Structures are given as C-alpha cells and as structure tokens.
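S.K.: Sharing a structure, written as structure tokens. Questions coming.
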Amino acid sequence: MKKIQQILKEKGVKPSFQRIRVLECLMKSKEHPTVEMIYLKLAKEIPTISKTTIYNTLGLFEDKGLVDDLTISGQEARYDYKEKPHSHFYCKKCRNIIDIESIRVPCHKDEICGNQIEEAHYYFRGVCKRCLNKKGGDVNG
Ligand SMILES: [Zn+2]
Ligand SMILES: [Zn+2]
C-alpha cells in the first residue's frame, strides 16, 4: 500500500499531520464514518483537532477526488475513501453502510445523450444480512 503522505502529494494536497490522520482513519475504517465518528476517534489522539478541521479536510479531499461523500442515509454525510469503484448498501435498521461489488451498467453514447460519464454511484437500501438473521432468532447477530 502506498504511503498516505505520497497519496496526498500526488493529489496536490500538502500532507499535514492532521490530514494524514484523517485519511488514514478513512482508509482503515470499513464503516463509512461521519464527521462526528472521525472526530471522536481522532480527538483522543489529537486533542487540538476540531470538527471544523475534519469537515474542511474532508471537503478538500473530496475536491481532489480522494474521498466520496455518501448521502445514502438521507440524514448525515458519510465518508468513504475512494480506492476503487464500488456500490453501497445501506441498512435501514442498524444504519450500517456495507460495500458491495460495483454494478456495471453498459452505456452507449446515444443512451446518455452524448454526455460523458466519468463515474457512477449506486446505492441500495434495505435490511442487512445481520439484521435479517437477528429477526429470525439467530444468536450470531
Ligand atoms: Zn443492519
Ligand atoms: Zn464504500
């Protein structure tokens, strides 16, 4: 895996300590955290960090194409490191966002009226496997 510092530099972002930690947090997390969740994690380690800093850092990363802002829950923005394209499944019960394989839709120029697609985002909502199992009385939930 590439060094975070290098990834930031390649995108033209000055790799400050806080930026490195924010990106690292996103890369390690599978839960598609909110600003709040990232803040709670990093505040233990960096007492001077603020939610505004995290929010602004994520905004910068988004502009540079490093992270995606998922509005899947309909309430709060959840952030995801854009490593490779994938789709998302949002569980309405536990509010978890799960990565699922990218869904490919064949696009012909005519179908998209001559526009050029650079990326596509798909998301699905429903009840996740874990919550479904719980309902059925599975003790593993
Ligand atoms: Zn669930
Ligand atoms: Zn994801």
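S.K.: Within region 53-65, which residues are assigned to a helix (DSSP H, G or I) and in contact with a helix residue (DSSP H, G or I) (Cβ under 9 Å, 6 or more places away or on another chain)? Outline the logic, then answer.
M.R.: If we filter region 53-65 for residues that are assigned to a helix (DSSP H, G or I), which is where we start, we get 53-63.
Matches in region 53-65: THR53, ILE54, TYR55, THR57, LEU58, LEU60, PHE61.
S.K.: Being farther than 30 Å from ASN133 by Cβ, touching a strand residue (DSSP E or B) at 6+ places or on another chain (Cβ under 9 Å) and within 14 Å of ligand 2 (Cβ to nearest atom): is that true of VAL35 here?
M.R.: Working: farther than 30 Å from ASN133 by Cβ: yes; touching a strand residue (DSSP E or B) at 6+ places or on another chain (Cβ under 9 Å): yes; within 14 Å of ligand 2 (Cβ to nearest atom): no.
Considered against the rule, which asks whether it is farther than 30 Å from ASN133 by Cβ, touching a strand residue (DSSP E or B) at 6+ places or on another chain (Cβ under 9 Å) and within 14 Å of ligand 2 (Cβ to nearest atom), VAL35 comes out as no.
S.K.: Which of the residues belonging to region 65-96 are polar (S, T, N, Q) and within 9 Å of ligand 2 (Cβ to nearest atom)?
M.R.: SER87
S.K.: Being closer than 22 Å to ILE98 by Cβ and either exposed (fewer than 11 other Cβ atoms within 10 Å of the Cβ) or modelled with pLDDT of 95 or more (or both), is that true of even one residue in region 5-24?
M.R.: Residues of region 5-24 closer than 22 Å to ILE98 by Cβ: 23-24.
From what's left, either exposed (fewer than 11 other Cβ atoms within 10 Å of the Cβ) or modelled with pLDDT of 95 or more (or both): 23-24.
Scanning region 5-24 turns up at least one residue that is closer than 22 Å to ILE98 by Cβ and either exposed (fewer than 11 other Cβ atoms within 10 Å of the Cβ) or modelled with pLDDT of 95 or more (or both).
S.K.: If you don't mind, another one. Is it fair to say THR57 is modelled with pLDDT of 95 or more, away from ligand 2 (no atom under 16 Å from the Cβ) and exposed (fewer than 11 other Cβ atoms within 10 Å of the Cβ)? Break it down into steps so the answer makes sense when it comes.
M.R.: Details: modelled with pLDDT of 95 or more: yes; away from ligand 2 (no atom under 16 Å from the Cβ): yes; exposed (fewer than 11 other Cβ atoms within 10 Å of the Cβ): no.
The answer is no for THR57.
S.K.: If you check ASN115 against the conditions, is it modelled with pLDDT of 95 or more, away from ligand 1 (no atom under 16 Å from the Cβ) and either surrounded by 11 or more Cβ atoms within 10 Å (Cβ to Cβ) or not β-branched (Val, Ile, Thr) (or both)? Explain how you work it out, then say what you get.
M.R.: Details: modelled with pLDDT of 95 or more: no; away from ligand 1 (no atom under 16 Å from the Cβ): yes; either surrounded by 11 or more Cβ atoms within 10 Å (Cβ to Cβ) or not β-branched (Val, Ile, Thr) (or both): yes.
No, not satisfied.
S.K.: Here is a further query. Using beta carbons and a limit of 7 Å, which pairs, at least six apart or on different chains, have the first residue in region 112-134 and away from ligand 2 (no atom under 16 Å from the Cβ) and the second one among the small types (Gly, Ala, Ser)?
M.R.: Qualifying pairs under 7 Å: ARG130/GLY141; ASN133/GLY141; LYS134/GLY141.
S.K.: Same structure, new question: Determine whether region 101-109 contains at least one residue that is closer than 30 Å to PHE17 by Cα and either at pLDDT 90 or above or more than 16 Å from ligand 1 (Cβ to nearest atom) (or both).
M.R.: Here is the first cut: in region 101-109, the ones closer than 30 Å to PHE17 by Cα are none.
Within region 101-109, not a single residue is closer than 30 Å to PHE17 by Cα and either at pLDDT 90 or above or more than 16 Å from ligand 1 (Cβ to nearest atom) (or both).
S.K.: Identify all residues within region 60-75 that are surrounded by fewer than 14 Cβ atoms within 10 Å (Cβ to Cβ) and over 24 Å from LYS2 (Cβ atoms); write none if there are none.
M.R.: Passing the criteria: THR71, GLY74, GLN75.
S.K.: Right, here's the next one. Starting from residues that are outside any loop (DSSP other than H, G, I, E, B) and of a type in the set (Val, Ile, Thr), keep the ones in region 22-52 and report whichever is nearest to LYS82 (Cα to Cα).
M.R.: My answer is VAL22.
S.K.: Within the set of pairs 6 or more residues apart or between chains, which connect a residue that is farther than 13 Å from SER16 by Cβ inside region 37-55 to a residue that is among the acidic types (Asp, Glu) and part of a helix (DSSP H, G or I) with Cβ atoms less than 8 Å apart?
M.R.: What qualifies is LYS51/GLU36.
The values are calculated or read from the model by the stated rules, or taken from the named source; none is laboratory data. Keep in mind that what you see is a predicted model, and the values were worked out from it rather than measured. Cβ sites come from the backbone with ideal geometry, for glycine too, and all protein chains shown count toward neighbours.
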